[in-house]
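So the structure is just underneath, and the comments pick up after that.
The values are calculated or read from the model by the stated rules, or taken from the named source; none is laboratory data. If you're wondering where the values come from, they're calculated on a predicted model, not measured in any experiment. Using ideal geometry, Cβ is built from the backbone for each residue, glycine included, and neighbour counts are taken over all protein chains shown.
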Amino acid sequence: MGAPRRFLRTGGVHATIDPDPWHEDAYVLSIDGHEQSQVSLAHPEDVFYEYLRRIANVVDLVKPAGDPITALHLGAGALTLARYIQATRPGSVQHAVELERELLDFVIEHLPLPDGTDLAPHIGDAREALGDLPADARFDVVIVDIFSGPEAPAHLACREFYEEAAALLTPGGVLAVNVGDEPGFTLVSSQARALRAAMPAVAAYGATNLFTRRYPGNVILLGTRTWPDGWSAALTARGPHPATVLTGVELDGLAGS
């Protein structure tokens, strides 16, 4: 029997789920032939992809270990981080927004969520869906994982979108934006500027070599009301190594200030 496969009507591409040959009871979600997420059903606390591991490190700092949180995922993928949050913070309340209706159904059917997961799915555009959330919903972490290359939808890659997402944060909440880019990092730079215009404190977190702008890769942009003492050192120490966190004037070069 071949790998499970589902046609995604919005994008006009296929999604597949294949066993991970290197990890027992783990699977890889691919979309249009490109690997998108890896999920360990046996150990959802293990996050294999580097950029997702970095976001998981941020989630670890939002509240004391084990405490439930509220989380909003804009871009669901294989729900890797939703599984991580449930495994490490049981009782968390989560919402996930995905443009492709078939993708959410496909993932949940073939990669069931951990027992006890409290996750509300929403189908639609990430920005439009913000208005469909419960009026009193506030989140300890909002994760934006919707950019797949140097080109990004203008209505999402802008200050106004980040302001709307930031308005849903709890006072100590964090907005985490995964930005994948090509050498030169024009998208990373533009999104750092947009996030800085929307939030008082912004950081960039990623592999050290990426900040030379000579290599493609993923940088995690983080927005908060104030950058907590000790977070830069904690994130750097948690890796994956070698890791760099830029804040304040250190971020000026990347943001083009």
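Scan (1) in contact with a Phe, Trp or Tyr (Cβ under 6 Å, 6 or more places away or on another chain); (2) touching a residue at least 60 places away in the same chain (Cβ under 8 Å) for the single condition LEU74 breaks and write down its number. The one condition LEU74 does not meet is (1). Whenever a residue of the range 85-106 is under 21 Å from THR10 (Cα atoms), its partners that are basic (Lys, Arg) and not in a helix (DSSP H, G or I), lying with C-beta atoms within less than 7 angstrom and at least six residues away or across chains, give the pairs GLU102/ARG6; GLU102/ARG9; PHE106/ARG6.
The condition (being under 22 Å from SER37 (Cα atoms) and crowded, with 20+ Cβ neighbours inside 10 Å) is satisfied by just one residue among ALA176, ALA165, ALA207, ALA243: ALA176. Just one of the listed residues (THR224, THR236) is farther than 21 Å from ALA197 by Cβ and either at pLDDT 95 or above or surrounded by 13 or more Cβ atoms within 10 Å (Cβ to Cβ) (or both), namely THR236.
If the condition is being closer than 20 Å to ARG225 by Cα and of a type in the set (Ser, Thr, Tyr), then the range 158-188 contributes TYR162, THR170. Out of everything in the range 39-83 that is under 17 Å from ILE17 (Cβ atoms) and either of a type in the set (S, T, N, Q) or touching a Gly at 6+ places or on another chain (Cβ under 7 Å) (or both), what residue ends up being surrounded by the most Cβ atoms within 10 Å (Cβ to Cβ)? The residue in question is THR80. Is it true that some residue in the range 146-154 is touching a His at 6+ places or on another chain (Cβ under 8 Å) and buried (at least 18 other Cβ atoms within 10 Å of the Cβ)? No, the range 146-154 has no match at all.
Residue count for the range 179-194 under the criterion of being buried (at least 19 other Cβ atoms within 10 Å of the Cβ) and charged (D, E, K, R): the result is 1.
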